[in-house]
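J.: I'd like to ask some things about the structure below.
Please treat every number below as a calculation from the coordinates, not as lab data. All of these numbers come straight from a predicted model, not from anything done at the bench. Cβ placement follows ideal geometry from the backbone for every residue including glycine, while neighbour counts extend to all protein chains displayed.
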Amino acid sequence: MLNIVICEDNPELLNLYMIFVKNYMHEHPEQSLNMILTTKNPNDVVNYIKNQTTSTLYILDIGFQNSNNQGISLAEQIRDITINSTIIFISTHENLKTLSLDLSVQPWDFIIKDSGIKNIKQQLVKDLNDIYNQLDIKKFYYTIGKRSHSIPINIINYLEVTPQNQNVVTLHSDTSNIQFIGNLTDIETTNDQLIKIQHNVLVNLDKIIDIKLDETKIILKHDTLTYDKSHLKNILERLQNN
């Protein structure tokens, strides 16, 4: 199930986005979608997120009541309270696109209103389809400060800690490197797709291309890592059962 929330203070645009989403839902009856809230008032969204537990897509304007940053603030509140949320901005404020990324709001998309109604519809339809299709993808969850985040586990290559700071985990993915406070043993225990190859390195089993036994090397698509021989038996067994 994916709930959908739309918040836009222009009544005509709000109605237009509702039509786009309803048409998509009508054309995709096999997808479990629920347009649970449409509103001009961002406070209605704040009230919703306090009680929601279902995966939710938020389609948000940025400028409310003459405040360009209120949409960003609303997205930050969503990120602070919920972990299973996706955000799409539709805004005229293209200059705030970089800000939304810098603040770790991590929007799925940032659609520019001035690009035209046809483009907005095309982007929304594509986003709805892509977001729904990734719901079943297993996620890895981590926390930075007070804010929870998630990343598809299938794009993680490996995680490591440095001898200088055993509490800081660096996650290496196909798209970026992320640092957060964590413990590799706890991470391995709660994520069966990840396996320890050294005391300070976890690797995604699906990313292993080859193992060089004579060199004690594990070959990934974009990296080569050294494994500890004491972990080899477990690595081979897990690969066989994966």
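J.: Return, ordered by residue number, the residues of segment 105-129 whose backbone nitrogen is under 19 Å from a label point located 7 Å along Cα→Cβ of Asn10.
T.: Residues passing the 19 Å test: 109-125.
J.: Please give, to one decimal in nm, the separation of the simple spin-label points placed at Glu27 and His199, each 7 Å out from Cα toward the Cβ.
T.: 5.7 nm
J.: Remind me, relative contact order of the chain in percent, using alpha carbon pairs under 8 angstrom and six or more residues apart?
T.: Once divided by the residue count of the chain, the mean separation gives 11 percent.
J.: By the gyration tensor of its Cα atoms, with a ≥ b ≥ c the square roots of the eigenvalues, what is the shape of segment 2-133: rounded for a/c under 1.5, prolate for a/b over b/c, or oblate?
T.: Here segment 2-133 falls in the rounded category.
J.: Further, regarding this structure: Treating the beta-carbon of each Lys and Arg as +1 and of each Asp and Glu as -1, no other charges, what is the dipole magnitude of segment 140-241 about its Cα centre, to the nearest 20 debye?
T.: Roughly 180 debye for segment 140-241.
J.: Any idea what the relative contact order of segment 140-241 is, in percent, if you count C-alpha pairs under 8 Å spaced at least 6 apart?
T.: 18 percent
J.: Where nothing but the Cβ of Lys and Arg (+1) and of Asp and Glu (-1) is charged, how large is the charge dipole of the chain around its Cα centre, in debye to the nearest 20?
T.: Rounded to the nearest 20 debye, it is 180 debye.
J.: Under 30 Å Cα-Cα from Lys196, which lysines qualify once same-chain neighbours fewer than 8 residues away are excluded?
T.: Cα-Cα hits under 30 Å: Lys138, Lys139, Lys146, Lys207, Lys212, Lys217, Lys221, Lys229, Lys233.
J.: Can you return the aspartates and glutamates within cross-link range of Lys118? Criterion is Cα-Cα under 17 Å, with same-chain partners fewer than 8 residues away left out.
T.: Candidates past the 8-residue exclusion: Glu12, Asp109, Asp127.
J.: Where Lys and Arg each count +1 and Asp and Glu each count -1, what net charge lies around Thr82 among other residues with Cβ under 11 Å from its Cβ?
T.: Local charge sum for Thr82: +2.
J.: Not counting the cut sites, what is the longest span of the chain without GluC sites (Glu not before Pro) that DSSP labels loop and that have at most 16 other Cβ atoms within 10 Å?
T.: In the chain, the maximal stretch lacking such sites is 31-214.
J.: A follow-up question, please. Using Cα atoms only, what is the angle between the long axis of helix 70-81 and the major principal axis of the chain, expressed in degrees (0 to 90) to the nearest 10?
T.: In the chain, helix 70-81 runs at an angle near 40 degrees to the longest axis.
J.: Which is farthest toward the positive dipole end of the chain among Ile4, Thr189, Thr38, measuring Cα position about the Cα centre, with Cβ charges +1 (Lys, Arg) and -1 (Asp, Glu)?
T.: Thr189
J.: Okay, moving on. Give a residue-ordered list of calculated ³J(HN,Hα) values for segment 218-224 (Karplus: 6.51 cos²θ - 1.76 cosθ + 1.60, θ = phi - 60°; whole Hz; x for Gly, Pro).
T.: Karplus-based 3J(HN,Hα) across segment 218-224 equals 10, 9, 9, 4, 10, 9, 10 Hz.
J.: Sort out for me the Cα centre separation of segment 27-63 from segment 140-175, rounded to whole Å.
T.: Cα centroid to Cα centroid, the span is 28 Å.
J.: With everything on Cα atoms, drop me the angle between helix 117-133 and the longest principal axis of the chain, reported from 0 to 90° to the nearest 10.
T.: Orientation of helix 117-133: about 40 degrees from the principal axis.
J.: Between beta-carbons, use under 14 Å as the cut-off and find the net charge around Val45, counting Lys and Arg +1, Asp and Glu -1.
T.: Within the 14 Å Cβ shell, the charges total -3.
J.: Hey, another quick one. Please arrange Thr226, Thr56 by counting, for each residue, the other beta carbons lying within 10 Å of its beta carbon, fewest first.
T.: Fewest-to-most ranking of Thr226, Thr56: Thr226, Thr56.
J.: Next question, about the same structure. Restricting to bridges with both residues inside the chain, how much of the DSSP beta-bridge set is antiparallel, in percent to the nearest 5?
T.: In the chain, approximately 60 percent of DSSP beta bridges are antiparallel ones.
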